[in-house]
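Asker: Okay, handing you the structure first.
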There are 2 protein chains.
Amino acid sequence: MNSIQPVNVGLLGIGTVGGGTYTVLARNAEEIARRAGRPIQVFIVADSDIDRARALVGDSCQVTDEPFAVVTDPAVDVVVELIGGYTVARDLVMRAIENGKHVVTANKALLALYGNEIFAAAQQKGVTVAFEAAVAGGVPIIKALREGLSANRIEWVAGIINGTTNFILSEMREKDLPFADALSEAQRLGYAEADPTFDIEGIDAAHKTTLIAAIAFGIPVQFDKAYVEGITKLEALDIRYAGQLGYRIKLLGVTKRRQDGVELRVHPALVPEKRLLANVEGAMNAVLVKGDAVGATLYYGKGAGAEPTASAVIADLIDVTRAATTDPDNRVPHLAFQPDQLHDLAILPIEEAETAFYLRLTVEDRPGVLADITRILADEGISIDAMLQKEPEEGKGITDIIMLTHVCREKEANAAIRKIEALSSIRNYVTKIRLENLQ
Amino acid sequence: MNSIQPVNVGLLGIGTVGGGTYTVLARNAEEIARRAGRPIQVFIVADSDIDRARALVGDSCQVTDEPFAVVTDPAVDVVVELIGGYTVARDLVMRAIENGKHVVTANKALLALYGNEIFAAAQQKGVTVAFEAAVAGGVPIIKALREGLSANRIEWVAGIINGTTNFILSEMREKDLPFADALSEAQRLGYAEADPTFDIEGIDAAHKTTLIAAIAFGIPVQFDKAYVEGITKLEALDIRYAGQLGYRIKLLGVTKRRQDGVELRVHPALVPEKRLLANVEGAMNAVLVKGDAVGATLYYGKGAGAEPTASAVIADLIDVTRAATTDPDNRVPHLAFQPDQLHDLAILPIEEAETAFYLRLTVEDRPGVLADITRILADEGISIDAMLQKEPEEGKGITDIIMLTHVCREKEANAAIRKIEALSSIRNYVTKIRLENLQ
């Protein structure tokens, strides 16, 4: 880049986020130039729907349906990849890097799966691959973790980083709806896609948590090692019981540094309702980070949508512009730590994770049942923090017992549950939901 | 700086924050070097109490009681100023800049009063003055505003940025204490200083809001134009009434861009209790930022203390290290906007500020009183959003009326209040507290 020329952006994909990026770059052009020191402009757009692209950009820039023409165009300084997926997008990003372009992307799936090879290629070429928009939309959490908290040994991160599932869980709690009805409502309002699998099964949150773990602890991205559990099996009943005990259920992405490795997991979890994180409702996102020096800090805002995501894409463009003259060795490293300084801490299997648990048991209402259960828990070294026993339903002779345990290893909880389920007094399976105190 | 040498820090002041900075730099030395690409070490410490300094640092670095020897030492790359105040600190920072040193400081008072001359001198010398630690302790709000949200036209910022007053207000609400008792409790627990004036009168929060306004809107620092009102006159009664109406009272630093200028003000304000910001309790800090693209984002954490503040100081040191080889014109500008691109938007006088209001009136309990009051408000164009009328105290014939207005100009509210106070049915002065919906 020449220091008096505008920065030329090649935009791949002009759908929701791409359209937002074009719009905000145009609307705030003066403000952005005042900050960045020179104009940042869309030079060329590639989209399979040329008419849609042309309708938005008019004659302000070139339009093509051939994305590879963009990543090889000598006039393009930075490629913004907003196509999504990890087939064509991967080829395009690698080709852009080969051609010496900086890359800005919102593509968490691509980076969670192929980030190691992409960052290595960028490092070798002396270009930057920026991805603030990949996690929590417009909330600058990547920057906070990688730069703002760089003095800290990060201990853990826990985030609500999927707006679709948080909206569904808020609906289930506030309106006492079953999962399927809350999902329909989310789809009707545009918070969930027609095929919501990636969101409701926790995959999207796991992509993001994988990236968070990498920059928090300085480890390679390892999506294949993440434990992923969605919200499709959650029952309104458990959200209600959790509320009675002073907790809300959230889909959390959690990553934690332990002596022997790193926990990397996405699953529903009870969170004490007095924590700010528990009060993040609807489609909002929030990430709580625990550092050894700073303590807990929280970052909150819209995690999706055209302009919130564009906000992050453009912030990256301004960073890339500002860092253009920096010696590549002195830029902020992709994964927060210098590339030759990544750790090989193993990702721990879920059986080794340490959390508290919510257990719901349906039991026969007769003497000795509770004694059997508590003895099994004690034998496995699991102590009980709180308990709620419901009045038996009339005439049925069965009742629900809800127990909150103290922190234990998942495999200990599983062993206890297997023994409890073998008791003759137990009806159905035990419902197990993890609990995070976030202290 | 040579790229293979450690970065040598000259530390001015090794009290609470200076001690924390030394400790965290030592404890996390390996992690910090892995991130920054080279070690960052304290090379020399200046403190008036040489024994205290020596007790902490041992033989790991030089110790002196002559701070000017540090800012002129050719071996020092970065000066960390943690002395506070704006007499000696100002001279030291200017001398450090003259000598080509980068400066990292937590000194909000210094920058709110003399930031313009300090940043101009730094610009001219091609060095950086970094000040993340000056606002909200370890919460990276300066970085978020200056870099993370750089795509946005910032509309307003509202923050709880003084932990002492937030602790006092939490105590007053939770324990129904008068101000003086809550202050004593804060002093007993170390949350308030023996002379708490700077905190409880809002001056510290105004220093910080002045810096926030400058980087949010790209205007010079103008502390002398800030409106500053503390919490010393707040009554427990009003905190209680606010609670009955669904609000909490917080000391807010608010800055807002308007067509005709910038609002810059610190005062107690009612905040709807459903907002996350209203639920920030105790000595915690939180800052809510409204950008045109990203919407509202919130940043939360510890705003004071040795290690949280050290976290911000060291993050700045790592930034300075990473940017050391950057062409000065391409660094992040001190006030977010390029120095020749600052705006001259005027700071508006408080009479022009636009907020809603909480009004408490003590009135005689007789017919027509409410009609008189509401007519005055209507005449001034002020509409009422909510009202609470208490049962009259037995035998006294007087009662409290609480009104929440819609948004109006402060001078309109003041005019109405003068007329209301002139009514024969009104006892005492009208209590006026601003209200921020934060939407």
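Asker: For the stretch A:305-439, rounded, prolate or oblate, judged on the Cα gyration tensor with a ≥ b ≥ c (square roots of eigenvalues), a/c < 1.5 rounded, else prolate if a/b > b/c? Don't jump to the answer; show the numbers that get you there.
Answerer: On the way: a/c = 4.80, a/b = 2.57, b/c = 1.87.
Prolate, because a/c is 1.5 or more and a/b exceeds b/c.
Asker: If you don't mind, there's one more thing I want to ask. Alpha carbon centre of the stretch B:219-261 versus the stretch B:290-325: separation in Å?
Answerer: The distance from the Cα centre of the stretch B:219-261 to that of the stretch B:290-325 comes to 24 Å.
Asker: While we're looking at this one, here's another question. Return the distance in nm (one decimal) between the two label points of a simple spin-label model at residue A:95 and residue B:274, each offset 7 Å from Cα along Cα→Cβ.
Answerer: 5.0
Asker: Residues of the stretch B:304-352 losing 50 Å² or more of accessible surface, assembly versus chain alone, probe 1.4 Å, please list them.
Answerer: B:311, B:322, B:325, B:330, B:337, B:338
Asker: If you wrap chain A's Cα atoms in a convex hull and average its projection over all directions, what's the area in nm²?
Answerer: 22.1
Asker: For Cα pairs less than 8 Å apart in space and 6+ apart in sequence, what is the mean separation divided by the residue count of the stretch B:1-128, i.e. the relative contact order in percent? Present the calculation step by step, with values, prior to reporting the outcome.
Answerer: On the way: 213 pairs, mean separation 30.5, N = 128.
After rounding, I find 24 percent.
Asker: Please average, across the residues of A:136-143, the number of beta carbons from any other chain that are within 10 Å of each residue's own beta carbon, and give a whole number.
Answerer: Averaged over the peptide's residues, the number is 5.
Asker: Can you list the aspartates and glutamates whose alpha carbon is less than 14 Å from that of residue B:225, not counting same-chain residues fewer than 8 positions off?
Answerer: Candidates past the 8-residue exclusion: B:263, B:344, B:351, B:352.
Asker: Could you pull out the pairs from A:274/B:233; A:108/A:432; A:302/B:290; A:208/A:290; A:208/A:256 whose alpha carbons sit more than 23 Å apart here?
Answerer: Exceeds cut-off: A:274/B:233; A:108/A:432.
Asker: Going Cα to Cα from residue B:101, which lysines come in below 16 Å? Please leave out same-chain ones fewer than 8 positions away.
Answerer: Here the lysines satisfying the reach criterion relative to residue B:101 are B:125.
Asker: With a ≥ b ≥ c taken as the square roots of the eigenvalues of the C-alpha gyration tensor of the stretch A:190-286, please select rounded if a/c is under 1.5 and otherwise prolate if a/b is larger than b/c or oblate if it is not?
Answerer: Verdict is oblate for the stretch A:190-286.
Asker: Still on this structure: Label position 7 Å from Cα toward Cβ: report the copy-to-copy distances for residue A:72 in nm, one decimal, ordered from shortest.
Answerer: Those label-point separations list as 6.2 nm.
Asker: Angle, helix B:369-379 long axis vs. longest principal axis of chain B, Cα atoms, 0 to 90°, nearest 10?
Answerer: It works out to around 60 degrees.
Asker: Could I ask something else about it? Got a sec to turn the phi values of the stretch B:412-418 into Karplus ³J(HN,Hα) couplings, 6.51 cos²θ - 1.76 cosθ + 1.60 with θ = phi - 60°, whole Hz, x for Gly and Pro?
Answerer: Going residue by residue, I get 5, 4, 4, 5, 5, 5, 4 Hz, with x marking Gly and Pro.
Asker: What list of ³J(HN,Hα) values in whole Hz, one per residue of the stretch A:11-22 in order, does the Karplus curve 6.51 cos²θ - 1.76 cosθ + 1.60 (θ = phi - 60°) give from phi, with Gly and Pro shown as x?
Answerer: Result, ordered by residue: 9, 9, x, 10, x, 4, 6, x, x, x, 5, 4 Hz.
Asker: Tell me, what is the FRET efficiency for residue A:385 and residue B:120 to the nearest 0.05, using R0 = 51 angstrom and their Cβ-Cβ distance as r?
Answerer: Between residue A:385 and residue B:120 the formula returns 0.30.
Asker: Additional query: Estimate the FRET efficiency between residue A:352 and residue A:325 by the formula 1/(1 + (r/R0)^6), using the beta-carbon distance for r and 56 Å for R0, to the nearest 0.05.
Answerer: Calculated transfer efficiency: 0.75.
Asker: Suppose R0 equals 60 Å. What FRET efficiency, 1/(1 + (r/R0)^6) with r the Cβ-Cβ distance, do residue A:194 and residue B:398 give to the nearest 0.05?
Answerer: 0.40
Asker: To the nearest 10 degrees, how steep is helix B:108-125 against the longest Cα principal axis of chain B, on a 0 to 90 scale?
Answerer: The helix B:108-125 is inclined about 40 degrees to chain B.
Asker: Could you tell me what percent of the accessible area of the stretch B:241-395 is made up of carbon and sulfur, with a 1.4 Å probe and every protein chain present?
Answerer: 46
Asker: For chain A, take the longest principal axis of its alpha carbons; what is the angle in degrees between that and the long axis of helix A:179-188, to the nearest 10 within 0 to 90?
Answerer: Relative to chain A, helix A:179-188 is tipped by roughly 20 degrees.
Asker: Which of these, A:396, A:125, A:274, has the largest mean-square fluctuation under a Gaussian network model of chain A (Cα springs below 10 Å)?
Answerer: A:396
Asker: I would also like to ask the following. What nm distance separates the two modelled labels at residue B:180 and residue B:237, each placed 7 Å from Cα along Cα→Cβ?
Answerer: 1.6
Asker: Still on this structure, please answer the following. Counting pairs of alpha carbon atoms under 8 Å apart in space and at least six apart in sequence, what relative contact order in percent does chain A give?
Answerer: Relative contact order for chain A comes out at 16 percent.
Asker: Run the simple label-point estimate for residue B:372 and residue A:60 please: 7 Å along Cα→C-beta, distance reported in nm.
Answerer: Calculated label separation equals 5.9 nm.
Asker: Beyond 18 Å, how much of the Cα-Cα pair distribution for the stretch A:315-364 remains, as a whole percent?
Answerer: Of all Cα-Cα pairs in the stretch A:315-364, 63 percent lie more than 18 Å apart.
Asker: How large is the helix-only mean residue ellipticity at 222 nm for chain B, computed as the sum of -39500 (n - 2.57) over DSSP H runs with n ≥ 4, divided by its residue count, in deg cm²/dmol to the nearest 500?
Answerer: Calculated at 222 nm, the ellipticity per residue is -10500 deg cm²/dmol.
Asker: Students often forget the sequence filter, so: which aspartates and glutamates lie under 12 Å Cα-Cα from residue B:396 once same-chain residues fewer than 8 apart are removed?
Answerer: List returned: B:364, B:365.
Asker: List, in order, the whole-Hz ³J(HN,Hα) value for each residue of the stretch B:243-258 obtained from phi through the Karplus relation with A = 6.51, B = -1.76, C = 1.60 and θ = phi - 60°; use x for Gly and Pro.
Answerer: In residue order, the calculated couplings are x, 5, 8, x, 10, 10, 9, 10, 7, 9, x, 10, 9, 9, 8, 10 Hz.
Asker: Would you work out if the protein assembly as shown is rounded, prolate or oblate? Take a ≥ b ≥ c from the square roots of the eigenvalues of the alpha-carbon gyration tensor; rounded if a/c is under 1.5, else prolate when a/b is larger than b/c, oblate otherwise.
Answerer: Since a/c stays below 1.5, the shape of the protein assembly as shown is classed as rounded.
The values are calculated or read from the model by the stated rules, or taken from the named source; none is laboratory data. None of the values given here were measured: they were computed from a predicted structure. For neighbour counting, all protein chains shown are included, and Cβ atoms are generated from backbone atoms with ideal geometry for every residue, glycine included. Quick note on the areas: whole protein, heavy atoms, side chains included, nothing else; ligands and nucleic acids left out. Shrake-Rupley method; radii C 1.70, N 1.55, O 1.52, S 1.80 Å.
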